[in-house]
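Structure record follows, encoded as structure tokens.
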Amino acid sequence: MGHDANNLKDATAGETSEINTMYFRFAQQAETVGNFAVAKLFREVREDEMVHRASFQEALAKLNKQVAGN
């Protein structure tokens, strides 16, 4: 498993941070100052990051399954 699994775990953690903290806060800040169009864009980017995270999680699950089968 080695490096691939660690890379996927790190990537998942990075995406999670972007989802839960970075883009969430950016959207809130934009909305607070009345820039609703920018807030909407940050929410859309946040949703994209959720797709990325799901892809990394799926890849990690497949890798773990392969390793367990060997």
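Side notes on the structure shown:
- All C-alpha pair distances within the chain, sorted into 5 Å bins from zero, spread as 3, 18, 21, 16, 12, 10, 8, 6, 4, 2, 0, 0 percent across the bins.
- Rolling a 1.4 Å probe across the protein heavy atoms gives the chain an accessible surface of 72 Å² per residue.
- In the chain, the calculated helix contribution to ellipticity at 222 nm averages -29500 deg cm²/dmol per residue, counting -39,500 (n - 2.57) for every DSSP H run with n ≥ 4.
- Over the chain, relative contact order from alpha-carbon pairs under 8 Å, at least 6 apart, %: 44
- Each Lys or Arg adds one and each Asp or Glu subtracts one; over the other residues with Cβ under 13 Å from the Cβ of F24, this totals -3.
- Reduced Cα scattering model of region 29-70, Debye log10 I(q)/I(0), q = 0.17, 0.23 Å⁻¹: -0.57, -0.73
The values are calculated or read from the model by the stated rules, or taken from the named source; none is laboratory data. Predicted model only: the values in this text are computed from it and were never measured. Cβ coordinates were reconstructed from backbone atoms using ideal geometry, including for glycine residues, and neighbour counts include every protein chain displayed. We work out accessible area using only protein heavy atoms, side chains counted, and drop any ligands, DNA or RNA first. Shrake-Rupley method; radii C 1.70, N 1.55, O 1.52, S 1.80 Å.
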